Amino acid sequence: MNWENNLRAADPEVLAIAQHDWDECRASYGPRAVMWADTLRVAAFGGATGGEPCGHGAGFRLPTELLLEMPGPLALALTDAQLGMPEGPWPEWARTEHPIDWPTLIADDPEHLTWNHGMLAANLGATGDSVAAAYRLLHDHDLHPYMDVCLWLAPDGRFSVEPLALFTVHEVDPELRREVDDILVAGGRPRDRLRDDDEPGSWTLDA
């Protein structure tokens with residue numbers, strides 16, 4: 001594949017940064033998952049622009065040759081998407097608030113996409129199903145929801161989505177807000193962790 005050749009040709013310093021961390025974790029991943037995680041982290045660390053000297057606030061876009069190798073719906077969703085640098089260890093490869101309908105992508109292509117159930121469970125997050133239900137309720141009310149997510153690779157090679165927060169473009173009325181709260185709480189999210197402040201159109205989904 002093209003991205004395998006690109007990985008072999010990567011700058012050794014960039015490749016070392018991309019592959020750093022969690023050797024024991026890497027050993028539990030299949031070859032395809034390892035190759036994708038390394039390749040996408042190389043794209044992030046090697047293609048980042050802007051931000052502060054320490055790297056905070058830097059961003060990147062996926063090159064066309066990588067998008068062509070991805071599953072079609074995910075590639076289309078990420079075309080021209082501004083991605084932030086991974087903040088966690090390997091195999092996280094990006095963070096983004098680009099307005100992508102992640103619940104629909106995951107539901108329509110479970111062979112290639114999944115929620116990051118491990119990170120949700122570890123961080124007192126709601127289940128993926130409850131996050132999807134909350135998103136769809138807001139979408140059905142034409143409030144234009146979008147999420148802040150971290151993107152990972154799962155051990156089986158699927159692209160994995162960790163939802164960090166849920167937002168709406170438009171204001172949410174109190175009754176609907178309580179309904180969304182109840183969906184997320186029923187899915188396992190502690191009620192006192194649903195938001196950092198009293199912003200009516202936002203919910204924290206893990207951590």
Query raised in the report: In nanometres, what is the gap between the two model label sites at ASP173 and LEU76, each 7 Å from Cα along Cα-to-Cβ?
Result: 3.4
Query - Per-peptide average of other Cβ atoms within 10 Å, ordering 79-86, 124-131 highest first - result: 124-131, 79-86
Report task. Measure of size requested: the Rg and Dmax of segment 44-148, with Cα atoms as the atom set and Å as the unit; please supply both. Result -> 14.9, 42
Requested in this report: Output ³J(HN,Hα) for segment 79-95: one whole-Hz value per residue in order, computed from phi by the Karplus curve 6.51 cos²θ - 1.76 cosθ + 1.60 with θ = phi - 60°, and x for Gly and Pro.
Outcome: 4, 6, 6, 7, 10, x, 5, x, 9, x, x, 3, x, 5, 10, 5, 9
Requested in this report: Quote to one decimal, in nm, the extra length available between ASP108 and ASP181 on full extension: 0.36 nm per residue of separation minus the C-alpha distance between them.
Outcome: 23.7 nm
Report summary line: Taking a probe of 1.4 Å and leaving out DNA, RNA and ligands, segment 33-149 shows per residue an accessible area in Å² of 44
Query - Nearest-10 value in Å² for the accessible area of TYR29, using the 1.4 Å probe - result: 40
Report summary line: Non-local residues with an amide H under 5 Å from the amide H of ALA94, with H modelled 1.01 Å from N and Pro and chain starts lacking one, are LEU151
Report summary line: Stokes-Einstein D for segment 142-190 (37 °C, 0.692 mPa s, Kirkwood Rh from Cα pairs), in µm²/s, comes to 258
Query raised in the report: What are the semi-axes of the equivalent ellipsoid for segment 63-109, taken as the square roots of 5 times the Cα gyration tensor eigenvalues, largest first, in whole Å?
Result: 18, 14, 11
Report summary line: With x for Gly and Pro, the residue-by-residue ³J(HN,Hα) of segment 134-151, computed from phi through the Karplus equation 6.51 cos²θ - 1.76 cosθ + 1.60 at θ = phi - 60° and given in whole Hz, is 5, 4, 5, 4, 5, 5, 5, 9, 6, 9, 6, x, 8, 10, 8, 10, 9, 10
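The values are calculated or read from the model by the stated rules, or taken from the named source; none is laboratory data. If you're wondering where the values come from, they're calculated on a predicted model, not measured in any experiment. So basically every Cβ, Gly included, is an ideal-geometry build from the backbone, and we count neighbours across all protein chains shown. Protein only, heavy atoms only, side chains kept; ligands, DNA and RNA dropped before computing areas. Shrake-Rupley method; radii C 1.70, N 1.55, O 1.52, S 1.80 Å.
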